[in-house]
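Dropping a structure here in structure tokens format, bear with me for questions.
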Amino acid sequence: MSSELPANWKFDALESICSRVSVGHVGETSSFFTDGKDGVPFLRSQNVRPNNVDLKEIKFITRDFHEKSKKSQLIGGDLLIVRVGQNRGDCAVLPEDIGDINCANIVFARPLKGYSNFLGAYFNTPVGRNSLLSVSSGSAQLVLNTKSISKIKVPIPPENEALEIGCFSKNIDDCITLLRE
């Protein structure tokens, strides 16, 4: 991590610009799956890819399970990070207009206003991704720990600059998505 930043930027822990850093539901979930008509979308590791939340193979959980699982309820703008598996470290920002949604086994951060897309862009750079992977732990299978992620030092610009950089990055990602389609 380079210490060279613009004069009005600083390095600080991710948690310093988030109201929350947590992990989605950890435990058995398949008995709570239901159809899409009555269910609530349920994000899992395979739904989070670099700069992309893929809803094609989304599972749904019962509304009752969603309501009881408040700790893992997400809101638009949350930063999602895959914590285990072959795509460990993949990161995306949850779209603002997503509606009710819940998650399993995904670390999520709730950045302060204006920082979501900036942080999404940062953690999808080689430096940002390496900072995530460097805090992996475990012997049989590497895992990203919520507390370790919350302590990762990130570059923090003033909110207006973060918003501008985040918007620019999101526009490029949206163009790439359209070209792929």
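The values are calculated or read from the model by the stated rules, or taken from the named source; none is laboratory data. What you are looking at is a predicted structure, and each value in this text was computed from that prediction instead of being measured. When we count neighbours, we look across all protein chains shown, and the Cβ atoms used for this are built from the backbone with ideal geometry, even at glycine. Ligands, DNA and RNA are stripped out before the accessible areas are found, and what is left, the full protein with its side chains, is counted by its heavy atoms. Shrake-Rupley method; radii C 1.70, N 1.55, O 1.52, S 1.80 Å.
Here is a list of conditions, (1) of a type in the set (D, E, K, R); (2) touching a residue at least 24 places away in the same chain (Cβ under 8 Å); (3) in a loop (DSSP other than H, G, I, E, B), and residue 97 meets all of them except one; can you say which number that is?
(2)
Hey, could you check region 44-64 for residues that are assigned to a helix (DSSP H, G or I) and touching a strand residue (DSSP E or B) at 6+ places or on another chain (Cβ under 8 Å) and say which is most open to solvent (accessible area, probe 1.4 Å)?
Among those that are assigned to a helix (DSSP H, G or I) and touching a strand residue (DSSP E or B) at 6+ places or on another chain (Cβ under 8 Å), it is 63.
Is there a residue in region 107-121 that is under 17 Å from residue 42 (Cα atoms) and open to solvent by 20 Å² or more (accessible area, probe 1.4 Å)?
The answer is no; no qualifying residue exists.
Here's something else I'd like to know. Taking the condition of being open to solvent by less than 10 Å² (accessible area, probe 1.4 Å), assigned to a loop (DSSP other than H, G, I, E, B) and not charged (D, E, K, R), how many residues in region 75-90 meet it?
So the answer is 2.
Select from region 125-181 the residues that are among the polar types (S, T, N, Q), loosely packed, with under 15 Cβ neighbours inside 10 Å and more than 28 Å from residue 7 (Cα to Cα) and write down the one among them that is modelled with the highest pLDDT.
137
So that you can scan it fast, the table gives a plain yes or no per residue for (1) touching a Leu at 6+ places or on another chain (Cβ under 9 Å); (2) farther than 30 Å from residue 67 by Cα:
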| position | (1), (2) |
| --- | --- |
| 99 | no, no |
| 112 | no, no |
| 121 | no, yes |
| 125 | no, yes |
| 129 | no, yes |
| 134 | no, yes |
| 157 | yes, yes |
| 164 | no, yes |
| 181 | no, yes |
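Follow-up. Counting just the residues of region 5-43 that are in a loop (DSSP other than H, G, I, E, B) and within 20 Å of residue 153 (Cβ to Cβ), which one comes out most open to solvent (accessible area, probe 1.4 Å)?
7
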